[in-house]
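This report refers to the structure that appears directly beneath it.
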Amino acid sequence: MKIIKLLLLFIVLLNLTGCNEYELNKKEEKNKIIIESINIDSEYEMKSKNGDIKQIAMFEECGRPNIKKSNVVIGAHSGTGKYALFNDINKLKKEDKIIIYYNNKKYVYIVSEIREVKDTEIDILENNNQSILTLLTCKINDNSKRIVVISNLEDNGKN
């Protein structure tokens, strides 16, 4: 009887060990954005562009990284206060990398354009039949303007 109990205990421990090993090897990335050149490494939330944004947000009404030829739009506040997370996006340069983790998959975008637009210029949110990422924030000290960073999805053969 003791041998049977020991065997059962051994089998249970063996199964638990395998389960733990699986869990350790299964690394899930949260939805996050990484822009090394301006020290951003932060999770983002899914929000409506008309919602109350208190952190970095991927806008629900726009594209997704896993959808080819869609415009992924991510915005955050700039200025002062704890929610001013995009103060430095105007310091990005062409060829800087932006990494997005979405649904446990990594997407790499390369900055192609940085510009300033009027707050009424909403065409930047539209899909232009390219796989792009648009970062968006208010211009510091001028809420009538927006800073926009356009990036192209890097073609690494996986996307």
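Suppose we filter region 73-84 for residues that are closer than 13 Å to residue 147 by Cα and open to solvent by 40 Å² or more (accessible area, probe 1.4 Å); how many remain?
Looking only at that region, the number is 1.
Given the options 54, 93, 82, name the one that is out of contact with any Leu (no Cβ under 7 Å at 6 or more places or on another chain) and at pLDDT 90 or above. Write out each step before concluding.
On the way: 54 fails: at pLDDT 90 or above; 82 fails: at pLDDT 90 or above.
When all the criteria are applied, what remains is 93.
Hey, which of the strands (runs of 3 or more DSSP E) in region 51-141, taking only ones fully inside, have at least 3 residues that are in contact with a Gly (Cβ under 9 Å, 6 or more places away or on another chain) and under 27 Å from residue 155 (Cβ atoms)? Reasoning before the result, please.
On the way: elements: 57-59, 71-75, 97-102, 105-118, 132-139.
By residue number, 57-59, 71-75, 132-139.
Hey, any hits in region 110-118 for a residue that's closer than 18 Å to residue 59 by Cα and either under 18 Å from the mean Cα position of the chain (by Cα) or of a type outside the set (Phe, Trp, Tyr) (or both)?
First, pick out the residues of region 110-118 that are closer than 18 Å to residue 59 by Cα: none.
Within region 110-118, not a single residue is closer than 18 Å to residue 59 by Cα and either under 18 Å from the mean Cα position of the chain (by Cα) or of a type outside the set (Phe, Trp, Tyr) (or both).
Among the residues of region 118-159, write down those that are surrounded by 13 or more Cβ atoms within 10 Å (Cβ to Cβ) and touching an Asp or Glu at 6+ places or on another chain (Cβ under 9 Å).
Scanning region 118-159 gives 125, 131, 138, 139, 145, 146, 147, 148, 149, 150, 151.
All but one of (1) exposed (fewer than 15 other Cβ atoms within 10 Å of the Cβ); (2) touching a residue at least 24 places away in the same chain (Cβ under 8 Å); (3) basic (Lys, Arg); (4) closer than 22 Å to residue 42 by Cα hold for residue 64; state the number of the condition that does not hold.
(1)
The values are calculated or read from the model by the stated rules, or taken from the named source; none is laboratory data. All values derive from a computational prediction rather than experimental measurement. Reconstructed Cβ throughout: ideal geometry from the backbone, glycine too, with neighbour counts over all protein chains shown. Ligands, DNA and RNA are stripped out before the accessible areas are found, and what is left, the full protein with its side chains, is counted by its heavy atoms. Shrake-Rupley method; radii C 1.70, N 1.55, O 1.52, S 1.80 Å.
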